[in-house]
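The following block contains the structure, expressed as structure tokens.
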Amino acid sequence: MSRPSDVFAAVDLGATSGRVMLGRVGNGRLGLTEAHRFPNTPVPLPSGLHWDALGLFGGVLDGLRAAARAGGVASVGVDTWAVDYGLLDADGVLLGPPHHYRDPRTEHAAEAVWAKAGPTELYRITGLQHLPFTTVFQLASAAGSARLAAAGRLLLMPDLMVHWLTGAVGAEETNASTTGLFDVRAGGWSAELLGRLGIDAGLLPPLRSPGDRLGELLPYVVESTGLSAGTPVTAVASHDTASAVVAVPATAPDSAYISCGTWSLAGLELDAPVLTEESRAAGFTNERGIDGTVRYLRNTMGLWLLEECRRVWAARGEPAELGPLLARAARAEPFAAVVDPDAPEFLAPGDVPERIRAYCRRTGQPAPEDPGAVVRCVLESLALAHRRTLRLAAGLAGREIARIHLVGGGARNELLCRLTADATGLPVVAGPAEATALGNVLVQARAAGLVGDLASMRALVARTQALRHHMPQNDPAGRAAWDAAAARLEPSPRNP
């Protein structure tokens, strides 16, 4: 089989599903089609909550088979969520299923790390907001375990998939920067931090950059999928948010972004990290972006809250279709109750509707009973979190924001986009919804010489993708209502 020169396979693994998308680039065109989609269902075991890594890789192979049936691809790129990893033994064999970041084993791991490198020192080196499930804390929770003692290499989830596809061993830098082991200023693994924490530097693989050629599909992958021998695998911005930011159709420097899916990641693209104490205390993270940029953002619980509500209602046999729920939410009383999406009780899977009601009772607000009122509460709370995060980001970075680009699955949620525009008082440009896959494809296409620099890639997205514009209702009464709701919302503590 010959390989087409303008079709690229984007393997995009998210927290609830994975898919293989085919992107066609060239002659001013940028299009996506879905080759295969498959569920990503965590597995509870006696050792905790785990990812089904083998099942995910099986889904990847199924998607590549579909790509071969469609005519083949010029290359393959892989992106996934951040922080989670697999451990390989000296023979390169996976030492058990990777843990899920929502597994509670890291609840008290931070104290062990802080005893050797305190929160201020960690921020000085890594620039990361404190999240209890960051890789460095996961490793601390595994200290002394037989699995960690037997490990020869640690591979983050996208790098694990690449290893099984090509045999290559490496760590792509945008994802490596989320681990809490990466020096954000120097752009590499932190020897200082590894030494202080007693982590063997040999556990961490060499770093790779977006656009690097990682290898070719192994013979067994070629035989299994039907793709051409010699099909290359290209490093993309393998942290899914980094890939999404590549495809933000911003054409001016006064833009902010929100990558909204399971999580809402809201922030700015900068040339250098912001490592002030004020930034640390506010919970902002400095993660690596493409071409040496910095993704200055804050993680906020996103539409996972809504999806977990829907899961609970469906399990009870109650209506859980998204369209009717959003219609009911649009008619529900505004600002009846708001919650902090980052409150600790909302992190783990479970009865989120009841947790929302308990939060409201604890904070002296009416507890929403009707599903439409619960959804309204979730979406207004997310919009307020977007407002708070972007206003803080602008102040801490010394930047002005004139518009917001909201990309990812949340771009399809018209009510959330409209509420975000009203809450922030800024225009919201919604789309593309498939930003992560588009960013994955664009980096591969640039490596193949089909597109130019980052500005050219974003201009291509702006010209070819469907975007929706939401203008804020900036009347005095509306602004006052949002201000009053924000005043009622007491955010959870951020960094220690």
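Could you let me know the centre-to-centre spacing of segment 398-419 and segment 140-205, using Cα atoms, in angstrom?
Spelled out, the Cα-based centre of one part sits 33 Å from the other.
Which value in Å is the Kirkwood Rh of segment 111-190 over different Cα pairs?
Working: mean 1/r = 0.0729 Å⁻¹.
One over the average 1/r among Cα pairs gives 13.7 Å for segment 111-190.
Let me ask something else. For residue 27 and residue 391, what is the calculated FRET efficiency with R₀ set at 41 Å and r taken between the beta-carbons, to the nearest 0.05?
That gives a FRET efficiency of 0.50.
Given points 7 Å out from each Cα along the Cα-Cβ axis, report the residue 271 to residue 213 separation in nanometres with one decimal.
Roughly 3.3 nm, to one decimal.
For residue 10, what charge total do you get from the other residues with a beta carbon under 12 Å from its beta carbon, if Lys and Arg give +1 and Asp and Glu give -1? Don't jump to the answer; show the numbers that get you there.
Numbers: positive: 19, 24; negative: 12, 34, 79, 240, 434.
Within the 12 Å Cβ shell, the charges total -3.
Same structure, new question: Can you pull the one-decimal nm distance between simple spin-label points at residue 314 and residue 358, each 7 Å off the Cα toward Cβ?
In this crude spin-label approximation the distance works out to 2.4 nm.
Can you tell me the relative contact order of segment 36-75? Whole percent, Cα pairs under 8 Å, sequence separation 6 or more.
Numbers: 21 pairs, mean separation 13.7, N = 40.
About 34 percent, as a whole number.
Another question about this same structure. Below 8 Å, C-alpha to C-alpha, sequence gap of six or more: please give me the relative contact order for segment 137-249 in percent. Intermediate values should be presented prior to the final figure.
Working: 134 pairs, mean separation 31.2, N = 113.
Relative contact order comes out at 28 percent.
Within the set of other residues whose C-beta is less than 15 Å from the C-beta of residue 221, count the net charge using Lys and Arg as +1 and Asp and Glu as -1.
Numbers: positive: 3, 65; negative: 62, 216, 223.
Neighbour charge sum, excluding residue 221 itself: -1.
How much length is gained on full extension from residue 191 to residue 333, taking 0.36 nm per residue of separation minus their Cα-Cα distance? Intermediate values should be presented prior to the final figure.
Values: separation 142, 0.36 × 142 = 51.12 nm, distance 5.40 nm.
So the chain would gain 45.7 nm between residue 191 and residue 333.
So, one more: Between residue 481 and residue 47, what FRET efficiency comes out of the Förster formula 1/(1 + (r/R0)^6) with R0 = 60 Å and r the beta carbon distance, rounded to 0.05? Write out the running numbers ahead of the final one.
Working: r = 48 Å, r/R0 = 0.80.
E between residue 47 and residue 481, to the nearest 0.05, is 0.80.
May I pose another question? Give me the three principal axis extents of segment 351-496 from the C-alpha atoms, as integers in angstrom, largest value leading.
Here the Cα extents, ordered largest to smallest, are 59, 36, 35 Å.
Expressed in nm to one decimal, what extension gain is obtained for the pair residue 467 and residue 70 from 0.36 nm per residue of sequence separation less their Cα-Cα distance?
Numbers: separation 397, 0.36 × 397 = 142.92 nm, distance 2.77 nm.
Gain in length upon complete extension: 140.1 nm.
Each value in this text was obtained by applying a stated rule to the coordinates, not by laboratory testing. Bear in mind the structure is a predicted one, so any value in this text is a computation, not a measurement. Don't worry about glycine lacking a Cβ; one is built from the backbone with ideal geometry, like all the others, and counts go over all protein chains shown.
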